[in-house]
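The values are calculated or read from the model by the stated rules, or taken from the named source; none is laboratory data. Source: prediction; values computed, not measured. Neighbour counts are summed over all protein chains in view; Cβ atoms, including those assigned to glycine, are modelled from backbone coordinates with ideal geometry.
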Amino acid sequence: MPSKYTAPHIANKVRKLRKASIDVTLVFNKLIAGDKTALAQAITLIESTRESDFQLAENLVNQCLTIPSKGIRIGITGVPGVGKSTFIEALGGFLTAMGKKVAVLAVDPSSSFTKGSILGDKTRMETLAKDPNAFIRPSPASDALGGVTRKTRETLILCEAAAFDVVLVETVGVGQSETAVHSMVDFFLLLKLAGAGDELQGIKRGIMEMADAIVINKADGSNLNQVKIARGEFKRALHLYPPKENQWTPTVLSCSALHNLGIEAVWETISHFMTMTKANGHFAKNRTNQNKNWFLQSVDALLKHQFYANSQTKDRLKQLLNQVETNQISPYAAAKALVQK
Ligand code: GDP
């Protein structure tokens, strides 16, 4: 008689247990009741790379999408050291003190290299992390920005279903991730320092152009005069950009995240932006456009995935790569031959 403890038998049992351990409806019900443990569990499911979890994750996201979104999505970017985590701690604390629920997510395309996410460091946002009305989630570990973006978008939906009023999406300023974050938020905030040139701050022009507000941080101590000069410079720089379609004029502010100064003014600006764009219809329009883009990007990603997953394609790709290597075919002709097939 075969033993009960053969490897396939155990694997089967584990599979069954895993399947049984995630009851999507139960997780969903807890999540919409604001249970942070259920939210964390749901996000883990979204981030799972196990094929068997994909359908469960999709079901969960679909259920969450039935809850109307009432939250505000804010993107926050700036180079390392500008004070992003100190600022998020200050703004987050200000908002939870107002009775709002705040979620903090991160998009960090470099996490696969650093083997840790930008929010993974436990010493960051210590106070906010302990706040019962706050939820902090490090960026998903994934090597492809596309994967990180999709997961962050879905996580955002889960947070809103869990009744979070404000979702802050943090990104470290390297260019590509800012564009991704900009494509999923309502308001985009760029943190800057005074007295450091743009080159030094590594912020590309395109990112300045995306900003709805530039906030110069570390406006304290001997830095105050430089901050005043920088505010003028940034205001002039922003005037050079064409007016935004939503009729919003990007604002330049300053704050000291460390000393909790100027945080209220930042929130007032964001609130003003929301009121204005909701009234002129651009808030809804922006979200619709973002959804349309998300759809198109998903088509792109799914097509690519299906294409490369095909075993015949894999073989042909190998052959053609060899031919390109030995100059038997031009790279473009090889690509055409592969795709046409
Ligand atoms: P991040 O890398 O952008 O997340 O930056 P951090 O929040 O970790 O801050 C980097 C350093 O700047 C830390 O030593 C902070 O204490 C300091 N810092 C952040 N905000 C301020 C501020 O408003 N004023 C001053 N003087 N220092 C600040």
Residue set 198, 121, 143; condition touching a Ser or Thr at 6+ places or on another chain (Cβ under 6 Å), surrounded by fewer than 18 Cβ atoms within 10 Å (Cβ to Cβ) and either farther than 21 Å from residue 271 by Cβ or at pLDDT below 90 (or both); output residue 143
If you go through the stretch 93-100 one residue at a time, do you hit one that is more than 9 Å from the ligand (Cβ to nearest atom), among the basic types (Lys, Arg), modelled with pLDDT of 95 or more and crowded, with 19+ Cβ neighbours inside 10 Å?
-> no
Loosely packed, with under 13 Cβ neighbours inside 10 Å and of a type in the set (Val, Ile, Thr) - does that describe any residue in the stretch 286-306?
-> yes
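Is it the case that residue 266 is over 30 Å from residue 72 (Cβ atoms) and either in contact (Cβ under 8 Å) with a residue 60 or more places away in the chain or touching a Pro at 6+ places or on another chain (Cβ under 6 Å) (or both)?
Criteria not met by residue 266.
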Please work out which one of (1) modelled with pLDDT of 90 or more; (2) of a type in the set (A, V, I, L, M, F, W, C); (3) assigned by TED's automatic domain parsing to the domain that holds residue 214; (4) assigned to a helix (DSSP H, G or I) is the condition residue 258 fails and give its number.
-> (4)
Matching option when the condition is surrounded by 14 or more Cβ atoms within 10 Å (Cβ to Cβ), assigned by TED's automatic domain parsing to the domain that holds residue 88, within 16 Å of the ligand (Cβ to nearest atom) and not basic (Lys, Arg), among 270, 207 | 207
Could you pull out the residue among 30, 36, 16 that is more than 16 Å from the ligand (Cβ to nearest atom) and modelled with pLDDT under 90?
-> 16
Just give me the residues in the stretch 163-187 being within 16 Å of the ligand (Cβ to nearest atom) and modelled with pLDDT of 80 or more, in sequence order.
-> 168, 169, 170, 171, 178, 181
Just one listed residue, out of 106, 57, is crowded, with 16+ Cβ neighbours inside 10 Å, in the same structural domain as residue 149 (by TED's automatic domain parsing) and either within 16 Å of the ligand (Cβ to nearest atom) or within 20 Å of the chain's Cα centre (by Cα) (or both), and it is 106
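Name the residues in the stretch 210-240 that are closer than 26 Å to residue 282 by Cα and loosely packed, with under 13 Cβ neighbours inside 10 Å, would you?
Matches in the stretch 210-240: 236, 239, 240.
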